[in-house]
Amino acid sequence: MLFRSLQIQISGQVFTTQPLKVRALPAGAAGANPQAALTNLAFLRLITPKEEVFLGEAFPVELQLYWQNAENVQMPQVPAEGFSLGQASRPAQSTTVINGMQYNVAVFKMSATPAKPGLLTLGPAECSLTVLVPLQNARRRDPFDPFGFFGPRMQGRPTVLHSEARPIRVLPLPTNNVPPNFSGAVGSYRLTVNAGPTNLAVGDPITVKVQISGQGPLESLALPDQPNWRDFKTYPPTSKVDPLDALGLSGVKTFEQVVIPQNHEITALPGFQFSFFDPNARAYRTLSGAPVPLTVRPTLAVAPPALVATNAESAAAPPLPVDDIVHIRARLEPLAMARPP
């Protein structure tokens, strides 16, 4: 239905309004549904920055909840088959104005990592709450407010809000030019390596400190095996994460690993190598640390103590093997008889 524009003359000037379009719906249509009308009082949005990601690539997910008057607001839930969702951060609350109406806004943030390739669907998200609806024509009025000076009464209506679903296309990782020590890391990283002490003997421990910083799922990062360290005995590393954001998608992960040189001919600890897939460059990358020069001394062997025995004992007792254990004598036998002066 179209309402024609109106004209009005003020001080000799004619002002014309814009024509107004009105859509009339039947009583059974969605626009006349009371539950559908609640979407103007509260609604939910699911936002993702990408529609195409690689397998193992973590990306942020944002849920925006808008409401005018509500209570019993529950934490939004996101069905995510084929994804691994991270822990949601504490929601940030604010207010905004949309189409001349003021809304309260709560923003929930989390991360999602695809676990399989293909066309996946994230959401639709849903949120349970009680929407407070003003009652303008209530039959029973508050006896303390018979004229409605304190505003209309509110009625709570339990409601489940739903957002739109977000299709996400997950691409498999390339199968060509895969580095030998690639362990599944996907992101954009930098590498720093140092080790010490560098002057030691065979069998002494060396502490290797590896720092991997950048953007990506830091918690799932693991140290790859180092084939060039075959002359060292290695022990399982320890690690800690220092995130720079609430989702843990950027920051620094520090590893400490103990290695022990096995011979004195070692002159350096070979450079540490870390490979990952960069989704922005769509290619594999390998970072290498510089070799660490070492001075490794041989271990000093302890010679067995020399024994003094009489000629009779030497003749009676068989010679001890070179590697046999020499027992300590609890009491020494007399070596010779003392003569009077």
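If you scan region 95-123, which residues turn out to be over 28 Å from Gly56 (Cα atoms) and open to solvent by 70 Å² or more (accessible area, probe 1.4 Å)?
Thr95, Val97, Asn99, Gly100, Met101, Gln102
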Point to revise | Meets criteria (assigned to a loop (DSSP other than H, G, I, E, B) and farther than 30 Å from Phe108 by Cβ) for Gly184 | key: no
**Study point:** Where Glu256 falls short, out of the listed (1) within 22 Å of the chain's Cα centre (by Cα); (2) crowded, with 16+ Cβ neighbours inside 10 Å; (3) modelled with pLDDT of 95 or more
**Key:** (2)
Practice item. Give the number of residues within region 169-196 that are charged (D, E, K, R) and more than 18 Å from the chain's Cα centre (by Cα). Key: 1
Practice item. Can you tell me which residue among Pro224, Pro236 is out of contact with any Gly (no Cβ under 7 Å at 6 or more places or on another chain) and open to solvent by 80 Å² or more (accessible area, probe 1.4 Å)? Key: Pro236
Study note, to complete from the structure: Of Ser89, Ser94, the only residue that is in contact with a Lys or Arg (Cβ under 8 Å, 6 or more places away or on another chain) and at pLDDT below 95 is Ser89
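Can we say Ala246 is touching a residue at least 60 places away in the same chain (Cβ under 8 Å) and either of a type outside the set (Lys, Arg) or surrounded by fewer than 16 Cβ atoms within 10 Å (Cβ to Cβ) (or both)? Please lay out each step first, then the result.
Working: touching a residue at least 60 places away in the same chain (Cβ under 8 Å): yes; either of a type outside the set (Lys, Arg) or surrounded by fewer than 16 Cβ atoms within 10 Å (Cβ to Cβ) (or both): yes.
Criteria met by Ala246.
Give Leu173, Leu129, Leu161 a once-over and let me know the one that is surrounded by 15 or more Cβ atoms within 10 Å (Cβ to Cβ), in contact with a Cys (Cβ under 6 Å, 6 or more places away or on another chain) and either assigned to a strand (DSSP E or B) or at pLDDT 90 or above (or both). Outline the logic, then answer.
Values: Leu173 fails: in contact with a Cys (Cβ under 6 Å, 6 or more places away or on another chain); Leu129 fails: in contact with a Cys (Cβ under 6 Å, 6 or more places away or on another chain).
Being surrounded by 15 or more Cβ atoms within 10 Å (Cβ to Cβ), in contact with a Cys (Cβ under 6 Å, 6 or more places away or on another chain) and either assigned to a strand (DSSP E or B) or at pLDDT 90 or above (or both) holds for just one of Leu173, Leu129, Leu161, which is Leu161.
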Exercise for review: For Val61, indicate whether it is modelled with pLDDT of 90 or more, part of a strand (DSSP E or B) and open to solvent by 70 Å² or more (accessible area, probe 1.4 Å).
Suggested key: no
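With respect to Gly203, is the statement that it is on the phi > 0 side of the Ramachandran plot, out of contact with any Pro (no Cβ under 6 Å at 6 or more places or on another chain), surrounded by fewer than 16 Cβ atoms within 10 Å (Cβ to Cβ) and small (Gly, Ala, Ser) true?
On the way: on the phi > 0 side of the Ramachandran plot: yes; out of contact with any Pro (no Cβ under 6 Å at 6 or more places or on another chain): yes; surrounded by fewer than 16 Cβ atoms within 10 Å (Cβ to Cβ): yes; small (Gly, Ala, Ser): yes.
Yes, satisfied.
The values are calculated or read from the model by the stated rules, or taken from the named source; none is laboratory data. Worth saying up front: this structure is predicted, and the values here are computed from it rather than measured. Glycine also receives a Cβ, built like all others from the backbone with ideal geometry; neighbour counts cover every protein chain displayed. Surface accessibility is based on the protein's heavy atoms, side chains included, excluding ligands, DNA and RNA. Shrake-Rupley method; radii C 1.70, N 1.55, O 1.52, S 1.80 Å.
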